[in-house]
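Here is the structure we will look at, set down as structure tokens.
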Amino acid sequence: MLDDVFVENFVKREKTAMNAVFNVLCVALTILIIFMVNVIPILFGLNIFFFTGAFSFLIGFLCYLLIGRQNIEYEIALTNDNFSVTKILGERKRVLLADFGLKECKRIAPVTSEDYKSDYEKAELHLNTTSRKEVEISDSNWYCLVSSDGITYIVIFEFKEKMYKAFRRYNPRNTYFMRITDKKDEEI
């Protein structure tokens, strides 16, 4: 009897120094704009505090949204043959990026395999769902090369050993072979 396979993986994107610089510049620019919008009408003797206050609130809220949108997470869900990738922005908004069956994959392998570079160049779209912006070449990162609706794309994700069972069951011909050692073998 075949067991159902369900693997869920959440990956939070690491923040870089550019994110910190962007946050500081965004806050500084917001304070400068709010100051100018409120002080310039006073210098000309205009009494439009309602409009400048509403505009200041709008600018502050926009800054809040921009800073919050830098919190990016990816949810990778593998349910039997179905592989789906969802992007979570600011811990609120969910966007489905990819949803395909494992049988549609032309190759499932680690990024350290010899076919990765040619597959990466072949793909029209590249979806990196790892914790870093740049793909780290290691055995813990795998990729799926998928051709769907005339578009070839590659999904790079952080690998969990539980996923391998589903890969080999639903697409054994196109899955990279990996030796799985039992915990009992390692203890001996």
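Read-outs throughout are calculated quantities, based only on the coordinates presented, and are distinct from any laboratory measurement. Remember, it's a predicted structure, so these values are computed and weren't measured experimentally. We place every Cβ from the backbone using ideal geometry, glycine too, and count neighbours over all the protein chains shown.
The per residue volume of the convex hull around the alpha-carbon atoms of the range 17-68 is 43 Å³.
Quick check on my link table: of 93/122; 106/160; 15/165; 133/162, which ones sit more than 27 Å apart, alpha carbon to alpha carbon?
In this structure, 93/122; 15/165 exceed 27 Å between Cα atoms.
At a Förster distance of 30 Å, what's the computed FRET efficiency of residue 46 paired with residue 16, Cβ-Cβ distance as r, to 0.05? Before the final figure, lay out the partial values.
Working: r = 43 Å, r/R0 = 1.43.
For R0 = 30 Å, the calculated efficiency reads 0.10.
With a simple spin-label model that places each label point 7 Å from the Cα along the Cα-to-Cβ direction, the separation between residue 61 and residue 131 comes to 3.5 nm. Put a plus charge on the Cβ of each Lys and Arg, a minus charge on the Cβ of each Asp and Glu, and nothing anywhere else: the dipole of the chain about its Cα centre is then about 400 debye.
How large is the translational diffusion coefficient of the range 118-164 in µm² per second when you combine the Kirkwood radius over alpha carbon pairs with Stokes-Einstein at 37 °C and 0.692 mPa s? Once the numbers are plugged in, D ends up at 290 µm²/s. Could you work out how far helix 49-68 tilts from the main Cα principal axis of the chain, as a 0 to 90 degree angle to the nearest 10? Compared with the principal axis, the helix lies near 20 degrees.
Once the mean of 1/r is taken over each pair of separate Cα atoms and inverted, the chain shows a Kirkwood hydrodynamic radius of 19.8 Å. Within a straight-line Cα-Cα reach of under 16 Å, residue 12 can be paired with the following aspartates and glutamates, leaving aside sequence neighbours fewer than 8 residues apart in one chain: 73, 75, 91, 134, 136, 158.
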